[in-house]
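J.: Quick one: the structure is below, questions incoming.
Taken together, the values in this text are just the output of simple stated rules run on the coordinates, not laboratory data. All values reported here derive from a predicted model rather than from experimental measurement. FYI the Cβ positions are ideal-geometry reconstructions off the backbone, even for glycines, and counts take in every protein chain you see.
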Protein chains: 2
Amino acid sequence: MGIANLRTHICRAAWIALAGLLVISLRAQTPASPPPAPAAAQLPATPSFTPNLLRGFTPQSSTVEAAWEERFLALPQPASLRQSLQVLTAQPHMAGTPADRANAEYVAGVFRASGWSTRIVRYLAWLPYPHLVRVTAISNHRQLLPNYEAPITGDRFSAMSSAVIGFNAYSPSGDVTAPVVYVNYGLPEDYAVLKQDGISVRGDIVLARYGKSYRGIKAQLAAVHGAVGCLLYSDPNDDGFHAGLAYPQGAWRPASGIQRGSILNNNYPGAPLKPGQAPPAWEAAAWKAALPTIPTAPLSWQAAAPILEALAGRPAPQAWQGGLPVTYHFGGTLQVQAHIHLVMSYKYRTIWDVIGTMRGRHAGEVLIGNHRDAWTFGAVDPNSGTMVLLALARGLGHLYAQGWRPRRTIKLCSWDAEEFALIGSTDYAERHTPGLRRNAVAYFNLDEGDYGPNFTPGAVPSLRRLIYSVARTVPAPPVTTTGSVFPLSGCAAQTVFQAWSCASAAQPAAAPSMTAPAAAPAASTLPRINVIGGGSDFEPFLDHVGIATADLSFSGPYGVYHSLYDDFHYFQTEADPHFDYGVACTRVLGLLTLRMADARLLPLDLPDYAQAIMNYLQAEQTRAANTPAASLNWARVTAAAEGLERAAVNFTTRAEAALNASAAHPHANAANLARFNQTLAGFEQTLLHHRGLPGRPFYKNLIFAPNITNGYSTARLPGLAQRLREKNWAGVSVQLRYLYQALENATTRLKITR
Amino acid sequence: MGIANLRTHICRAAWIALAGLLVISLRAQTPASPPPAPAAAQLPATPSFTPNLLRGFTPQSSTVEAAWEERFLALPQPASLRQSLQVLTAQPHMAGTPADRANAEYVAGVFRASGWSTRIVRYLAWLPYPHLVRVTAISNHRQLLPNYEAPITGDRFSAMSSAVIGFNAYSPSGDVTAPVVYVNYGLPEDYAVLKQDGISVRGDIVLARYGKSYRGIKAQLAAVHGAVGCLLYSDPNDDGFHAGLAYPQGAWRPASGIQRGSILNNNYPGAPLKPGQAPPAWEAAAWKAALPTIPTAPLSWQAAAPILEALAGRPAPQAWQGGLPVTYHFGGTLQVQAHIHLVMSYKYRTIWDVIGTMRGRHAGEVLIGNHRDAWTFGAVDPNSGTMVLLALARGLGHLYAQGWRPRRTIKLCSWDAEEFALIGSTDYAERHTPGLRRNAVAYFNLDEGDYGPNFTPGAVPSLRRLIYSVARTVPAPPVTTTGSVFPLSGCAAQTVFQAWSCASAAQPAAAPSMTAPAAAPAASTLPRINVIGGGSDFEPFLDHVGIATADLSFSGPYGVYHSLYDDFHYFQTEADPHFDYGVACTRVLGLLTLRMADARLLPLDLPDYAQAIMNYLQAEQTRAANTPAASLNWARVTAAAEGLERAAVNFTTRAEAALNASAAHPHANAANLARFNQTLAGFEQTLLHHRGLPGRPFYKNLIFAPNITNGYSTARLPGLAQRLREKNWAGVSVQLRYLYQALENATTRLKITR
């Protein structure tokens, strides 16, 4: 793919060397200013609509805002979402491919047509494509194991051969033959079991099933234990016929479905090498640790079966048994070997971020991001998010055309190369760190935005109330019956909040007794908002820059993840046949964006955040009980957290007074309110430490980070928790000091804001 | 089988109507007095043997005892155990069959030959045998499902056709055809999941997998939910190729292995109807509840597969998926039905307990019991116990012949019809309750006594120290490698205690972190002794009569439970190929018996018991937190438990002083010591309440009982726990009062003993 492919309307291209990045900024021909407002920008006002006072708004602005919100709610159309998804998933579009580029153009086109000032930003990223992936099982005969999915009748996409074969990005090339040892999920405790049974994987190839940890950690641990190769497969117990009906009957992984994916160890997101950049020593060392050292490849369960069936040695424990109808053995004997032959093509390849901007007249910037690149068709991951992003672009553009003007700037970001290493988002965040720290008020992320009826948001504690508030406003989507998803009985919900609460409460209670009925779920409990810290493009924004972040998703069963079958046909039959959840997702995201962009006083709840920190601290202190760390100065940091909560409550009272004052005298109090907003927007940054977390300086947020023992999930107080786990008591002390300093700084910042 | 079958040497038969039971007491020709002692009863004394002072013994008697114990340890011979087992398992011997009778004669013969005064006691028990068990799967075709195991090459026993077909004892006869609903394990929470999904089993046949609860409770719950029939099968995930290698490669259940078993609900052990007895109303009502109401039959997984494969309706949740390579569905549609046709032959049948007695010169009686009847060959269940019982009979007989005399009487009991309803043991205990309450000092039980290397005792708290002490004396058996059991590396144990500790510590640690090494097991922790209360012949002795009880077992994987394959070939290849664990079990049991029979002061630890009660109380009080029961008078009962502990400590000090005094002046202090022993022996009885537990008056022990929600496991403070679970706060108050009264009575009893 070369420059010749670029569309002709690109008017200028400039090489900007910033932080050593080669960037091509593609500015489009659309006007930089918002589209002209209709001559008479009439405020919509429906007499029957009597909104409550919206948090962060004056009574008057609240009424105006509610009216715009009501108008927005009516905009998303299933047909439009459907059409976007159809275009985006017409062909496989891995990062750096022409199809990826075409999708960038399509996204940019929709942004522009909706009135957004739009740029396509080009980066060079060091991406591996697989040239050869050849895995052979050698027992009493040789059997080449398939590295591609079988076509499925009725799914015309699955018959297209243009998708990349099954591979693990950032695996080295290599050619190894060795006995196979089955290592269960390849977790540290699995290796402990092997060790206890006297089995070493040194010189062997490990076969690990996907699940319970990030695949990059599986490959890394295999290498740490001396393995010379690593095979990762999807077991039917975890993701296949024992998880639910397999596609096309249901949503779960069929026999030949392969989970592709990166195995880079994400202690530092972004591409491992940057063109023209000589990284500082620590970064080079970090990359050395991050890059896998042994050839690694993924398998479907059908491909792994000949190995699993033939493995000898001792039978593995019951907890290690998977869904194939054989006794799983440890292996490690010469009876079954594997031959892994990988040739990877590493190159600097061009990737494309698309950034659409709608300028506000006040300080502050709301970012909404979603990656666009996919391993194959990416119907769910990530383009169910992209279709929502496009619906948001259209919806806000429509409001703009009707006269609405955002108070703050809104940026829509279509990231590239997330699948490889969150590259597009990280590069953007790194380039714009100072500006983001000055301006950003929130970052809303989408990834697998829509694949079922269950609203499953994640957010920092300061955004939780806003999410509850918005979910109470958005109508509940009708629930569709598919092969996998059945409507929950007794959940006649009017709003997303009610459906979400009902679904949360409907989780089967754990082992009730025979004689007593299962305890009725407490109706008063708020539905769950996940903690957030790792796993998608929000990482650089939350963990590095320090921006209040939420991640939105309507979820369900999803067994075609990273396989060929994550396509439009799957989406229409299993994920969201009528695009109802996509509409709901757009509405939630739209209201979050409107609220955050328009509020006089930013709807970020700092007392909630302080309270959460206290809870996290208490949990760590409990874990530290009966260790030398118990004697450290926990009281000081706990007192600091309590002090922060008091300061936050006091700050909120003063901020709301300022808001009320501004209702009477908007101009007189504008500067006052701006100071409160600046403190609110900067709050997340006060929780960063410039040194970062132990061993991963990129991650500077002391409260949330990816869980390093797992890679996907989120660690709370990650530095402290890590040092405790390592029994590094001096390190625990350091982390307590960092936390104390951050909490004290945050408190001071709140106190001095007037 | 009639009277004509009785062996001719039976010299008298008397009908004794005692408590309405029809009993035939068969007294043997052996002399009632112990066999004559050798002319010069020399005390064995090895100069190199310097024992510590044994608890409950004076220095002199301790030395003598240790010498006898050392001699006993040398007696059990693998060849002898092997020969016993071979005889006992030559053919299937279900309770009431001629083969069962022949085994009773064999056991009695061994007892007699070893010098025990032996009776065969005949009872009539209401036992169902299966006349017809016919289960047919009806989908697009009809398929008769096998009710018998397939022969296995190399296992000549498995080709014998004289074993009973697969059936569930106490199922009613019946002939039903209905759609099948898969209900997972058939637990209350499983029905909650079905209800949540809008699925009723009313009018259907449920298919439940074995595991997690007693099969009788599965059948009962199915009926409670309106099912018209119940099929129980063994899933390969729980007991088959995913638990480990299947027999004959390993110890787990092969494709056609059927788990037979009773489905009577054991709220009242013993036979459901007793000849000539008009039961009191409450008992009749209890039996009505206990007797299953819907036809129920067991299946192998191979037999259940055609149903599971064809089930339609919704796919079941992931936790419900088993080991067959299909998606398990809820079913409940007309696409798959089952036809269950059962004809059961209910009759009063004769069963035979064998009781061997060796009289001691002092008050007190140690009982050792083990059932003898088996569903098929019963190599493990129960005859691995019986071979140990016979080795004990021989060993103690040998010591007797060498001059040893037990201080207290020892009774060896070979129970019959345990498999149906603990009938032989319960009938014995009910007939002898007053005598047992007067004389018994301990009851030691065997059931599946030997099927692997892991010592897994259960005991009341007062017997724990004695078990630890004995386990420290008995040499560790060599560990044998079989298809299923591998030696644990790093467990070079000298004693059973060390091997037991090592195996306990070697349990894989739960989810250690990636960075920190798994915590080393605390070396100081004592290995686990299970609580005891339900599941074998000890129930009437511990829970009804009130005798300090232990249950002994050397355990391992065991997937042929209640199937045709529980035979001598299995035992020799999988359970204990060299009879080493059987030898160890005999040694442990022998030393427990010797110690308990000979101790001057009974080695029962009452402070330990009081401490355990305090812990159990605390656990229940924690569970009661935030309920109306929290406001009840827990302080009073806790104070009573603390008072009991103080009294027990004080009692122990005084009792040991009395023991020391008796060392100097044995005769002067004999009466004194006897009072202490009487209080020790009666301690368990002070924990009974005459009304029994809620809804099951037979179970009178307030501290331990079978877990009614599970049927196998043990409930602690069962009445209190039950009332809490039922949220019956008035009942909780009553149970607290009962406990208070029992603890106060026990305390008083200890205080007044001088």
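J.: Around A:L632, with a cut-off of 15 angstrom between Cβ atoms, what is the net charge of the other residues, counting Lys and Arg +1 and Asp and Glu -1? The partial results should precede the final answer.
T.: Details: positive: A:R623, A:R636, A:R723, A:K727, A:R737; negative: A:E620, A:E726.
Here the charged neighbours net out to +3.
J.: Would you calculate the separation in nanometres between label points at B:Q77 and A:A192, each defined as 7 Å from the Cα along the Cα-to-beta-carbon direction?
T.: 4.7
J.: Tally Lys and Arg at +1 and Asp and Glu at -1 over the other residues with C-beta under 13 Å from the C-beta of B:A730: what net charge comes out?
T.: Charge balance near B:A730 sits at +2.
J.: With a 10 Å Cβ neighbour count serving as the proxy for reagent exposure, in which order, fewest first, do B:H562, B:H569 appear? Numbers along the way, then the final one.
T.: Details: B:H562 25, B:H569 19.
In order of increasing Cβ crowding within 10 Å: B:H569, B:H562.
J.: How big is the antiparallel share of DSSP beta bridges in chain B, given as a percent to the nearest 5?
T.: Details: 60 of 94 bridges.
Counting only bridges with both partners in chain B, antiparallel ones make up about 65 percent.
J.: Test of understanding: ordering A:L526, A:L396, A:L591 by Cβ neighbours within 10 Å, fewest first, what list do you get? Let's see the in-between values first.
T.: Numbers: A:L526 12, A:L396 27, A:L591 24.
The order, fewest Cβ neighbours first, is A:L526, A:L591, A:L396.
J.: Let me ask you something else. Which percentage, to the nearest 5, of the DSSP beta bridges contained in the protein assembly as shown is antiparallel? Walk me through the numbers on the way to the answer.
T.: Numbers: 120 of 188 bridges.
Percent antiparallel among DSSP bridges in the protein assembly as shown is about 65.
J.: Please identify every one of the trypsin sites (Lys or Arg not before Pro) in region A:423-463 that sits in a loop by DSSP and has no more than 12 other beta carbons within 10 Å of its own beta carbon. Mind showing how you got there, number by number?
T.: Numbers: sites: A:R431, A:R437, A:R438; in loops: none.
Listed in order of number, the matching sites amount to none.
J.: Projected onto the charge dipole of chain A (+1 at Lys/Arg Cβ, -1 at Asp/Glu Cβ, origin at the Cα centre), which of A:A639, A:N660, A:T426 gives the Cα projection farthest towards the positive end?
T.: Going by the Cα projections, it comes out as A:N660.
J.: Give me a single rounded figure for A:727-733: the average over its residues of other chain Cβ atoms within 10 Å of their Cβ. All intermediate terms of the calculation are to be shown ahead of the outcome.
T.: Details: counts 4, 2, 0, 0, 0, 0, 0.
Shielding by partners across A:727-733 averages 1.
J.: Now for a separate question. Kindly provide the helix-only [θ] at 222 nm of the protein assembly as shown, computed as the sum of -39,500 (n - 2.57) over DSSP H runs of four or more divided by all residues, to the nearest 500 deg cm²/dmol? The partial results should precede the final answer.
T.: On the way: 40 runs with 524 residues, N = 1508.
Helices in the protein assembly as shown give a 222 nm mean residue ellipticity of -11000 deg cm²/dmol.
J.: Which of B:F377, B:Q302, B:S158 sits closest to the plus end of the dipole of chain B, meaning its Cα is farthest towards the positive end, when Lys and Arg get +1 and Asp and Glu get -1 on the C-beta?
T.: Going by the charge dipole, the pick is B:F377.
J.: Give the distance, in whole Å, between the Cα centre of region A:358-373 and the Cα centre of region A:77-119.
T.: Cα centroid to Cα centroid, the span is 18 Å.
J.: OK, next. Could you quote the convex hull projected area for chain A, Cα atoms only and averaged over all directions, in nm²? Don't jump to the answer; show the numbers that get you there.
T.: Details: hull surface 134.1 nm².
With the hull built on Cα positions only, its mean projection is 33.5 nm².
J.: Moving on to the next point. In terms of the Cα gyration tensor, with a ≥ b ≥ c the square roots of its eigenvalues, is region B:126-347 rounded because a/c is under 1.5, prolate because a/b exceeds b/c, or oblate? Working shown, then result.
T.: Values: a/c = 1.66, a/b = 1.16, b/c = 1.44.
Oblate shape, in that a/c is at least 1.5 and b/c is the bigger or equal ratio.
J.: Going by how many other beta carbons lie within 10 Å of each one, how would you line up A:I165, A:I258, B:I340, fewest first? Intermediate values should be presented prior to the final figure.
T.: On the way: A:I165 20, A:I258 30, B:I340 24.
Fewest to most other Cβ atoms nearby, the residues stand as A:I165, B:I340, A:I258.
J.: Note down the nm distance, to one decimal, between modelled labels 7 Å out along Cα→Cβ at A:V649 and at A:A150.
T.: Reported label-point gap for A:V649 and A:A150 is 6.4 nm.
J.: Shifting gears a bit: Tell me whether the protein assembly as shown comes out rounded, prolate or oblate; compute the Cα gyration tensor, take square roots of the eigenvalues as a ≥ b ≥ c, and use a/c under 1.5 as the rounded threshold. If you can, show how the numbers build up before the last one.
T.: Numbers: a/c = 2.15, a/b = 1.93, b/c = 1.11.
The shape class here is prolate.
J.: Could you work out how much longer the chain between B:E309 and B:V224 gets when fully extended? Use 0.36 nm per residue separation minus the Cα distance between them, nm to one decimal. Before the final figure, lay out each step's value.
T.: Details: separation 85, 0.36 × 85 = 30.60 nm, distance 2.66 nm.
Value of the extension gain: 27.9 nm.
J.: Rounded if a/c is under 1.5, else prolate if a/b beats b/c, else oblate: with a ≥ b ≥ c from the C-alpha gyration tensor eigenvalues square-rooted, which is region B:544-600?
T.: oblate
J.: Anything in chain B that counts as a DSSP H helix reaching 30 Å or more along its axis (C-alpha) with Kyte-Doolittle mean of at least -1.0? List them, would you?
T.: B:634-664, B:729-752
J.: Now for a separate question. Quantify how strongly other chains surround peptide A:314-327 by giving the mean number of their Cβ atoms within 10 Å of each of its Cβ atoms.
T.: On the way: counts 6, 13, 2, 3, 8, 2, 1, 8, 2, 9, 4, 8, 5, 12.
The shielding value for this peptide is 6.
J.: Let me know the mean shielding of B:182-188 by other chains, meaning the per-residue number of their Cβ atoms within 10 Å of its Cβ. Numbers along the way, then the final one.
T.: Working: counts 0, 0, 0, 0, 0, 4, 8.
The mean count of partner-chain Cβ atoms within 10 Å per residue comes to 2.
J.: Here's something else I'd like to know. Under the convention of a label 7 Å out along Cα→Cβ, give the distances in nm from B:A674 to the same position in every other copy, shortest first.
T.: For B:A674, the other copies' label points sit at 10.3 nm, shortest first.
J.: Another question, then. What's the center-to-center distance, using Cα atoms, between region B:528-557 and region A:692-754 in Å?
T.: 51
J.: Extending each Cα 7 Å along its Cβ direction at A:Q318 and A:S162, get the distance between those two points in nm, one decimal.
T.: A separation of 5.1 nm, rounded to one decimal place.
J.: Counting DSSP beta bridges in region B:126-347, what percent are antiparallel, to the nearest 5? Write out the running numbers ahead of the final one.
T.: On the way: 24 of 39 bridges.
Close to 60 percent.
J.: Roughly how big is region B:606-752's charge dipole about its Cα centre, with Cβ charges of +1 (Lys, Arg) and -1 (Asp, Glu), in debye to the nearest 20?
T.: Numbers: 15 positive and 8 negative charges, 86 e Å.
Here the size comes out at about 420 debye.
J.: I've got another one for you. Counting other C-beta atoms within 10 Å, and keeping those with at most 12, which DSSP coil chymotrypsin sites (Phe, Trp or Tyr not before Pro) do you find in region B:97-152? Mind dumping the intermediate values first?
T.: Working: sites: B:Y106, B:F111, B:W116, B:Y123, B:W126, B:Y148; in loops: B:W116, B:Y148.
Passing sites in region B:97-152 do not exist.
J.: Can you compute the charge dipole magnitude of the protein assembly as shown about its Cα centre, using +1 on each Lys and Arg Cβ and -1 on each Asp and Glu Cβ, nothing else charged? Give it in debye, rounded to the nearest 20. Don't jump to the answer; show the numbers that get you there.
T.: Working: 120 positive and 96 negative charges, 622 e Å.
Using Cβ point charges on Lys, Arg, Asp and Glu, the protein assembly as shown gives about 2980 debye.
J.: Turning to a different aspect of this structure: Provide the net charge surrounding A:H562, with neighbours chosen by a C-beta distance below 9 Å and charges set as Lys +1, Arg +1, Asp -1, Glu -1.
T.: On the way: positive: A:R260; negative: A:D381, A:E419, A:D566.
Neighbourhood net charge equals -2.
J.: What residue among B:A102, B:A222, B:N147 has its Cα farthest toward the positive end of the dipole of chain B, where the charges are +1 on Lys, Arg and -1 on Asp, Glu, each on the Cβ?
T.: B:A102
J.: Considering only Cα-Cα distances, which of the following residue pairs are longer than 24 Å: B:K195/B:K727; A:K212/A:K274; A:K218/A:K288; A:K288/A:K411?
T.: Numbers: B:K195/B:K727 22 Å; A:K212/A:K274 31 Å; A:K218/A:K288 17 Å; A:K288/A:K411 34 Å.
Beyond 24 Å between Cα atoms: A:K212/A:K274; A:K288/A:K411.
J.: Rounded to the nearest 0.05, what FRET efficiency do B:Q335 and A:A492 give with R0 = 35 Å and r taken as the Cβ-Cβ distance? Could you check?
T.: On the way: r = 30 Å, r/R0 = 0.86.
Calculated transfer efficiency: 0.70.
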